[in-house]
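Worksheet for the structure shown next.
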Amino acid sequence: SHALKSVGMDVLYFGNQTVGSAIKDEKSGVMTLPIRMDAWGSDIVEKYARSWQCTVFLSMLDVWIGNLAYIRKMCAEQNIAWVLHVTLNQEPLNPLIVENLKAATVIVAPSKWSYQLLVQNGFGNKSVWIPHGVDVSVYKPVPVEMKEELKRQYGLEGKFVFLVVALL
């Protein structure tokens, strides 16, 4: 969002983590708009797009969670470019996923495997591979001594520890 704002674009977030009223990030100035009754936004996202005169809609919803027909419809009716961030996890592609891929203006694949699957299924002309990244100036391995102390604190001495941060 910082890069988009730096070139004069207004950026709004709509996330299923926000309930109640809009939240403004003090550092970036980006607004996060709340959900209403439907956790995936089908009951409010079209209204937000109209109100804010959206020209590009970037979705990061898992395409297999359900029918995203409301996004396809909104983008078509309001002439909005749909950037579909998609993690694929099966082959062959589910027909519902294919409908979403067909409707997207641009498809962003976070893994090389997903990108190759998109290319193999005829979506290479509108797909791009942008791997997940980590800011290594902020996130880096802790020194071995600190790692061993942390393992002692949590009763994990001598064990292999693997951490996954995710929201389900």
**Q.** region 30-168 - accessible surface per residue (Å², probe 1.4 Å)
**A.** 68
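Let me have the relative contact order for region 51-168, percent, based on Cα pairs under 8 Å that are six or more residues apart.
On the way: 118 pairs, mean separation 21.5, N = 118.
Relative CO of region 51-168 lands at 18 percent.
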Q: Please list the radius of gyration and Dmax for region 45-84, considering alpha-carbon atoms only, with Å as the unit.
A: 9.8, 28
Q. On average, how much area does the Cα convex hull of region 36-111 cover when viewed from any direction, in nm²?
A. 5.0
**Q.** Carbon + sulfur, % of accessible area of region 12-117 - ligands and nucleic acids excluded, 1.4 Å
**A.** 54
**Q.** Bins of 10 Å, starting at 0 and running to the largest distance - Cα pair percent for the chain
**A.** 8, 29, 31, 20, 10, 2
(Q) To the nearest 20 Debye, how big is the dipole of region 1-146 about its Cα centre, given +1 on the beta carbon of each Lys and Arg and -1 on that of each Asp and Glu? (A) 280
(Q) Cut-off under 30 Å on the C-alpha distance; same-chain residues fewer than 8 positions from LYS5 excluded. Which lysines are left, in chain and number order? (A) LYS24, LYS27, LYS47, LYS73, LYS102, LYS112, LYS126, LYS140
(Q) Which order do you get for PHE57, PHE162, PHE14 if you rank them by accessible area with a 1.4 Å probe, largest at the top? (A) PHE162, PHE14, PHE57
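If you take the Cα atoms of region 17-58, find Rg, then find the Kirkwood Rh from the mean of 1/r over all pairs, what is Rg/Rh? It would help to have the intermediate numbers written out before the result.
Values: Rg = 10.9 Å, Rh = 11.2 Å.
Rounded to two decimals, Rg over Rh is 0.97.
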Q. For region 76-147, max minus min Cα coordinate along each principal axis, in Å, sorted largest first?
A. 56, 30, 19
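The values are calculated or read from the model by the stated rules, or taken from the named source; none is laboratory data. Since the model is a prediction, treat every value here as computed from it, not as a measurement. Positions of Cβ are backbone-derived with ideal geometry, glycine not excepted, and every protein chain shown enters the neighbour counts. Surface areas here come from the heavy atoms of the whole protein model, side chains and all, with no ligands, DNA or RNA. Shrake-Rupley method; radii C 1.70, N 1.55, O 1.52, S 1.80 Å.
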